[in-house]
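Chemist: First the structure, which I've put down as structure tokens, then a few questions once you've had a look.
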2 protein chains.
Amino acid sequence: MTDRITIALDAMGGDFGPSVVVPAAIDFLKKDNDVDLILVGREEAIKQHLGQYSLSEHLRIHPASEEVAMDELPSRALRGKKDSSMRVAIDLVKEGQAHACVSAGNTGALMATARFVLKMLPNVDRPAIISALPSISGHTWVLDLGANVESTSDHLFQFAVMGSELVNSLDEEISNPRIGLLNIGQEEIKGNDQVKRAHELLNNSSLNYIGYVEGDDVYCGDVDVVVTDGFVGNIALKSAEGVAKMIAHYLKRGFKRNFFTKLAGVLAIPVMNGFKKKIDPRRYNGATLLGLRGIVIKSHGGADILAFNHAIKMAKKAVHTNVPERIAHGVESQLEKRVNE
Amino acid sequence: MTDRITIALDAMGGDFGPSVVVPAAIDFLKKDNDVDLILVGREEAIKQHLGQYSLSEHLRIHPASEEVAMDELPSRALRGKKDSSMRVAIDLVKEGQAHACVSAGNTGALMATARFVLKMLPNVDRPAIISALPSISGHTWVLDLGANVESTSDHLFQFAVMGSELVNSLDEEISNPRIGLLNIGQEEIKGNDQVKRAHELLNNSSLNYIGYVEGDDVYCGDVDVVVTDGFVGNIALKSAEGVAKMIAHYLKRGFKRNFFTKLAGVLAIPVMNGFKKKIDPRRYNGATLLGLRGIVIKSHGGADILAFNHAIKMAKKAVHTNVPERIAHGVESQLEKRVNE
């Protein structure tokens, strides 16, 4: 491996497979000379989408004969498809042939395979999924977004440490991130037992812990990293997506009502576009799987070219700032503090 | 008690106390001749907000010398403030002097007091908070919105039965409501143990159970009642509120950018207003505390006059359709089915 960054892409993953991944890779390389990309998957299928672009040392194909379906059981994918594009892309990271991999495939299968192949970092019990979401003052990072369905207070504490390290290394807009624990009220009495115990652990840590936050705080911007278990995090995220869709639906319908509203709609196009760009989920695509001995970026399954491109950028950043090593170091130093107390 | 409906209002509750509750009561009575309202609280404070309206058998004051603070511990409110406006309003329901009560006060205290004074319905272990939320096709009912921080599968099942009965009795737009269980994916494999077991119980019931739903389904309108535990429900609700606020913020800022966007903003006013009305949280104010032997409606603490008025309407409807009795009956009949299987 040279000094250049190499990223393996699961070319067959996601709702659109190579028809999105290959053009996204080409677009990425047009603007970035520091990175080599490996398209992992069926050669024929990939080549169909290369267009006039020719393969080179910067964009090459690594064959994989199988594909993981979007609704496939993680355990089946893991045991039964050892030559899937997803598995091979992760294997390339394990073998040191790539610094990171990006997949838009089945989240459960990606999680299980990455964990099996790459293994967990020392003292981290569970992987977690983290992503940035838009907020009034910029963006907020939230984890876990669905890697785990139940989390103990220790897991929540580890998520906080990992989230803090990730943001410190990856996000140049934020330093010493403010960590909040998602709860149903800011008073001390509220919340379930896991959350209350995690609150104590965080209060006694050297993290920049600001206490409990509520669901709406994610979008207000007074907190940088919001920690919760994967069940709650995933439902909060999907609920937010649902509201945004509903609002878009009603606005569109409102502007279509009559001549005057249609005119207003035309005049409002720049406002709507500016606003859409601000909260465009594609600009936030690329969730990081934290806690692994390697970098795995999960793209949204329905990602388009722009969105997948953004996920590749996230992978590059994570390699550049050496996220797993920083997290390992962060977890270790927080644990030392707890032992010394 | 006559055939007329009598509703006790906690006049001192909420962020604004009698300055909102009293005008809301007066507005309500101007349009409704079938209901008598009792304003519970400090006589002087209430009288200040009566204006030219004079007390009568339809609007009377019932004195209460204390108030529950918005951040007071529920246990302290319950034990220490037996003459609070909240407690006395609930007592009036217990004593048969009112058919229902409405409070914008501290949710935890209201829950604890209502449970202590009114007691639970037979075979219902936990109260739950239910409210309607706007959706693309109309609205969706969600419970529990925060009465409980942890729920077993049996609790979730009871919530589903109660929610189904409430919607059947209260919501003339929906019959035989479609019940969905909130989860992080529609595949059978996903979800935590409570959710999986509740899924089995619901599958074996005679409810119109449509299976797992995700956070965004709440706002799509393909389900009528969404069941979840109070921790998740509350966070999903608050997240949705946060996104709506963020979108409003960006739209407002977008329209203020320059002359043309300001012009577009002025032309877009009717669209924005129609849209705001559609998803106006005030028109959804008034959550029902389910599972009690009596009707208690919780208004949002920050409710204004229009919003509190809506909560009184909810109380009237709940009295009219005899919600607690229907729920008791529904729970009993579902339990019989489970025993007979």
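The values are calculated or read from the model by the stated rules, or taken from the named source; none is laboratory data. Fair warning: this is a prediction, and the values are worked out from it, not measured in the lab. For neighbour counting, all protein chains shown are included, and Cβ atoms are generated from backbone atoms with ideal geometry for every residue, glycine included. Note: accessible area is taken over every heavy atom of the protein model, side chains too, but ligands, DNA and RNA are not part of it. Shrake-Rupley method; radii C 1.70, N 1.55, O 1.52, S 1.80 Å.
Chemist: Can you check what the net charge comes to around B:Ser65, using other residues whose Cβ is under 13 Å from the Cβ of B:Ser65 (Lys, Arg +1; Asp, Glu -1)?
Modeler: -1
Chemist: Shifting gears a bit: Can you divide the C-alpha Rg of the stretch B:229-341 by 2.2 N^0.38 Å and report the result to two decimal places?
Modeler: 1.55
Chemist: Of the cross-linked pairs A:Lys238/B:Lys298; A:Lys316/B:Lys196; A:Lys313/A:Lys337; A:Lys262/B:Lys317, which ones have a Cα-Cα span greater than 32 Å in the structure shown?
Modeler: Check vs 32 Å cut-off fails for A:Lys316/B:Lys196; A:Lys313/A:Lys337; A:Lys262/B:Lys317.
Chemist: Please provide three numbers in whole Å: the alpha-carbon extents of the stretch B:1-77 along the principal axes, with the largest listed first.
Modeler: Ordered largest first, the stretch B:1-77 gives principal extents of 38, 28, 18 Å.
Chemist: Continuing with the same structure: Considering only A:Val21, A:Val226, A:Val149, give the residue with the highest GNM mean-square fluctuation for chain A, with springs between Cα atoms whenever their separation is below 10 Å.
Modeler: Greatest mean-square fluctuation among the candidates belongs to A:Val149.
Chemist: With a 1.4 Å probe, what is the total accessible area buried between chains B and A, in Å² rounded to the nearest 100?
Modeler: In total, this chain pair buries about 5100 Å².
Chemist: Could you give me the radius of gyration and the Dmax of chain B, taking only the C-alpha atoms into account and expressing both in angstrom?
Modeler: Every Cα atom of chain B included, Rg and Dmax give 20.8, 71 Å.
Chemist: Another question, then. For A:Leu306, what is the net charge nearby, where nearby means another residue's Cβ is under 10 Å from its Cβ and Lys, Arg count +1, Asp, Glu -1?
Modeler: The answer is -1.
Chemist: A further question on this structure: At what distance in angstrom do the alpha carbon centres of the stretch A:98-125 and the stretch B:228-257 lie from each other?
Modeler: Cα centroid to Cα centroid, the span is 32 Å.
Chemist: Right, next: What is the spin-label model distance, in nm, from B:Arg253 to B:Met120 if the labels are put 7 Å beyond Cα along the C-beta direction?
Modeler: 4.7
Chemist: Determine the shielding of peptide B:217-223 by partner chains: average, over its residues, the number of Cβ atoms on other chains within 10 angstrom of each Cβ.
Modeler: Average per residue, whole number: 4.
Chemist: Among B:Gln52, A:Val149, A:Gly14, pick out the residue whose Cα is farthest towards the positive end of the charge dipole of the protein assembly as shown, where Lys and Arg carry +1 and Asp and Glu carry -1 on C-beta, about the Cα centre.
Modeler: Projecting each Cα onto the dipole axis, the largest value belongs to B:Gln52.
Chemist: Rank A:Ile174, A:Ile297, A:Ile269 by mean-square fluctuation in a GNM of chain A with C-alpha springs under 10 angstrom and give only the top-ranked residue.
Modeler: Sorting by GNM fluctuation, first place goes to A:Ile269.
Chemist: Could you give me the ³J(HN,Hα) list for the stretch B:56-67, computed from phi with Karplus coefficients 6.51, -1.76, 1.60 and θ = phi - 60°, whole Hz, x at Gly and Pro?
Modeler: 7, 5, 7, 9, 10, 9, 10, x, 8, 8, 10, 9
Chemist: For the stretch B:102-147, restrict the atom set to alpha-carbon positions and state the Rg and Dmax in Å.
Modeler: Values for the stretch B:102-147 (Cα only, Rg and Dmax): 13.0, 39 Å.
Chemist: Still on this model: Given a 1.4 angstrom probe, what's the average accessible area per residue across chain A, in square angstrom?
Modeler: Result: 42 Å² of accessible area for each residue.
Chemist: Mind computing the radius of gyration and Dmax over the alpha-carbon atoms of the protein assembly as shown? Å is fine for both.
Modeler: Cα radius of gyration and Dmax of the protein assembly as shown are 27.3, 88 Å respectively.
Chemist: If you don't mind, another one. Given N residues in the stretch A:125-284, what is Rg(Cα) / (2.2 N^0.38 Å)?
Modeler: In units of the globular-protein estimate, the stretch A:125-284 measures up at 1.20.
Chemist: I'd like the Karplus ³J(HN,Hα) series for the stretch B:84-94: coefficients 6.51, -1.76, 1.60, θ = phi - 60°, whole numbers in Hz, and an x wherever there's a Gly or Pro.
Modeler: Values, residue by residue: 6, 4, 5, 4, 5, 4, 5, 4, 4, 5, 4 Hz.
Chemist: Another one. What is the sum of charges around B:Gln52, taking Lys and Arg as +1, Asp and Glu as -1, for the other residues whose C-beta is under 14 Å from the C-beta of B:Gln52?
Modeler: +1
Chemist: Which of the lysines could a cross-linker span from B:Lys82 if the Cα-Cα distance has to be under 16 Å and same-chain partners fewer than 8 positions apart are dropped?
Modeler: Excluding near neighbours in sequence, the set is B:Lys94.
Chemist: Plugging the Kirkwood radius over Cα pairs into Stokes-Einstein for the stretch B:22-178, at a temperature of 4 °C and a viscosity of 1.567 mPa s, what D comes out in µm²/s?
Modeler: 73
Chemist: Sticking with this one: Between the stretch A:10-71 and the stretch A:271-341, how far is it from one alpha carbon centroid to the other, in angstrom?
Modeler: Comparing the Cα centres of the stretch A:10-71 and the stretch A:271-341, I get a distance of 21 Å.
Chemist: Taking one equal scatterer on every alpha-carbon of the stretch A:106-206, how large is log10 of I(q)/I(0) by Debye at q = 0.15, 0.17, 0.22 1/Å?
Modeler: One equal scatterer on each Cα of the stretch A:106-206 leads to -0.70, -0.89, -1.33.
Chemist: Could I ask something else about it? Share of the protein assembly as shown's accessible area from carbon and sulfur, percent, 1.4 Å?
Modeler: Carbon plus sulfur share of accessible area: 50 percent.
Chemist: At q = 0.16, 0.22 Å⁻¹, what base-10 log of I(q)/I(0) does the Debye formula yield for the stretch A:224-273 when every alpha carbon is treated as an equal point scatterer in vacuo?
Modeler: Each listed q maps to, in turn, -0.60, -0.79.
Chemist: Placing a label point 7 Å from Cα toward Cβ, how far apart in nm is A:Glu150 from its equivalents in the other copies, listed shortest first to one decimal?
Modeler: Going from nearest to farthest copy, the values are 1.0 nm.
Chemist: Still on this structure, I have one more. With runs of 4+ DSSP H residues as the only contributors, calculate the mean residue ellipticity of chain B at 222 nm using -39,500 (n - 2.57) per run, divided by the residue total and rounded to the nearest 500.
Modeler: -14500 deg cm²/dmol
Chemist: Provide the percentage of antiparallel DSSP beta bridges, counting only those with both residues in the protein assembly as shown; round to the nearest 5.
Modeler: If I count the DSSP bridges inside the protein assembly as shown, around 30 percent turn out antiparallel.
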